[in-house]
Amino acid sequence: MNKPYSILLYYCYAQIDNAEEYRDEHHLLCLNLNLLGRIIVSDEGLNGTVSGLKEDCEKYMAALKADPRFAKTDFKIDESDEHAFTKLHVRYKSEIVHSGLRHIDPNKRTGVHLTPQEFKALKDQEDVVVLDVRSDYEHSVGRFKNAVTLDIENFREFPDKVNELKEKYKDKKVLTYCTGGIKCEKASAFLLDQGFENVYQLHGGIIKYGMEAGGEDFEGKCYVFDNRVAVDVNKVNPTVVSECYVCGTKDDRMVNCANPVCNLHVPICEKCGWEMEGACSDACKEHPEKRAYDGTGYYQKEMNGYNPLKGFNRKKKTDVHI
Ligand SMILES: [Zn+2]
Ligand SMILES: [Zn+2]
């Protein structure tokens, strides 16, 4: 554990008064600490994933913990050789995860939190159903063995799926999981609202399960929202679940299509990658703007001298002295 950067993933459901003003304050904090990443500030809390030098991330976590509103924030901390983001966005939104369940307050009622070890012990019991509350593009690259997955493109479609789940699983113990735990807070609360009685959630999500329980029985990779795209979770019995988009063999090497207009984000095997020159289809291979393939399938975005502070000042239209 000696890499110079940390990548943080965290959320906290907490009432924030004047959240739009607080957004500015929080943005400044991140600028001062040279963090990059994406943070959502809302009246109902904070949701973020950022990268920065290890010591800056420590300061950031200490600052959040020192604020009584965010004292209980649970950070998932990974290490990295470099920043995992190229920009900093700190945005105000009405929800910290778009769910259409704004009325649900997980601080009032939510599913029972399970530690990774507790989740591991419970998940294979007979009366248990493990429910993946994430979207198609996420569970298609990796999911728990025997998990029930949902055909949804976005978490806001989750409430619509609950009727189907009700018919099949209402009397079971339902264990929900997601990437870092944030969606489960609302998903499990909503299941309780809908009459499910035994609802549990994996606290800290897949990421924490990988760190603390070895990731056993998580098949494939975990989709993440930074430059790494998908990370390994399972150190016990890893498998590959996704297929090469071109030839259909089992493969989990995620690439972006070399055609920038397409930019489709799919698994493509090493062999097809070279044969297709990084493109997902023949049409994309022939596209006039196709980018040069270097074997990674990752294309650095043009930064054009991006300066996070300039972005902040433009937004404020006032002088900011740091
Ligand atoms: Zn292939
Ligand atoms: Zn393409």
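The string of couplings for region 201-211 from the Karplus curve (6.51, -1.76, 1.60, θ = phi - 60°) is 9, 6, 6, x, x, 4, 4, 5, 4, x, 6 Hz, one whole number per residue in order, with x for Gly and Pro.
Quick one: go through region 8-32 and flag any residue whose amide nitrogen is under 16 Å from the point 7 Å out along the Cα-to-Cβ line of LEU309. The answer is 27-32, whose backbone nitrogens lie closer than 16 Å to the label point. Taking 7 Å steps out from each Cα toward its Cβ at ASN18 and VAL236 produces label points 4.9 nm apart. FRET efficiency for the LEU28 to LEU264 pair, using the beta carbon distance and R₀ = 30 Å, is estimated at 0.20. Taking the Cα centroid of region 41-73 and of region 237-300, what is the distance between the two, rounded to the nearest whole Å? Measuring centre to centre over Cα atoms gives 36 Å.
Peptides 290-300, 12-22: what's the order by average Cβ count within 10 Å, highest mean first?
Values: 290-300: 13.9, 12-22: 15.6.
The peptides rank, most packed first, as 12-22, 290-300.
Let a ≥ b ≥ c be the square roots of the eigenvalues of the Cα gyration tensor of the chain; is it rounded (a/c under 1.5), or, if not, prolate (a/b larger than b/c) or oblate? Cα axes put the chain in the oblate bin. Derived scalar couplings between HN and Hα for region 7-24 equal 10, 10, 10, 7, 7, 8, 7, 7, 5, 10, 7, 6, 4, 5, 5, 4, 3, 4 Hz in order, rounded to whole Hz, by the Karplus curve 6.51 cos²θ - 1.76 cosθ + 1.60 (θ = phi - 60°), x for Gly and Pro. For region 25-134, the list of trypsin sites (Lys or Arg not before Pro) that fall in a loop by DSSP and count at most 14 other C-beta atoms within 10 angstrom reads LYS72, LYS87, ARG102, LYS108, ARG109.
Hey, what did region 1-65 get for relative contact order, percent, Cα under 8 Å, at least 6 apart?
On the way: 93 pairs, mean separation 27.5, N = 65.
Result for region 1-65 is 42 percent.
Given their separation in residues at 0.36 nm each and the Cα-Cα distance between them, VAL229 and ALA71 gain 54.0 nm when the chain is fully extended.
Karplus-based coupling profile of region 179-186, in residue order and whole Hz: 5, x, x, 5, 5, 5, 4, 7, with θ = phi - 60° in 6.51 cos²θ - 1.76 cosθ + 1.60 and x standing for Gly or Pro. Between amide H atoms placed 1.01 Å from N, distances below 5 Å from LEU88 occur with GLY37, all of them 5 or more places distant or on a separate chain. Along the axis of the charge dipole computed for the chain (Cβ charges of +1 for Lys and Arg, -1 for Asp and Glu, origin at the Cα centre), the listed residues ASN307, TYR22, ASN256 are led at the positive end by TYR22.
Could you list, in their original order, any pairs among LYS221/LYS290; LYS3/LYS235; LYS145/LYS250; LYS72/LYS166; LYS93/LYS145 whose Cα atoms are separated by more than 24 Å? Cα-Cα > 24 Å for LYS221/LYS290; LYS72/LYS166; LYS93/LYS145; rest within. If a spin label sat at a point 7 angstrom from the Cα of ASP151 along the line to its beta carbon, the backbone N atoms of region 165-208 nearer than 19 Å would be those of 165-169.
For region 203-273, what ratio Rg/Rh do Cα atoms give with a Kirkwood hydrodynamic radius? Could you put the intermediate results ahead of the total?
Details: Rg = 13.5 Å, Rh = 13.1 Å.
My calculation puts Rg/Rh at 1.03.
Only the coordinates and a few stated rules stand behind these numbers; no lab work does. Computed from a predicted structure; not experimentally measured. We place every Cβ from the backbone using ideal geometry, glycine too, and count neighbours over all the protein chains shown.
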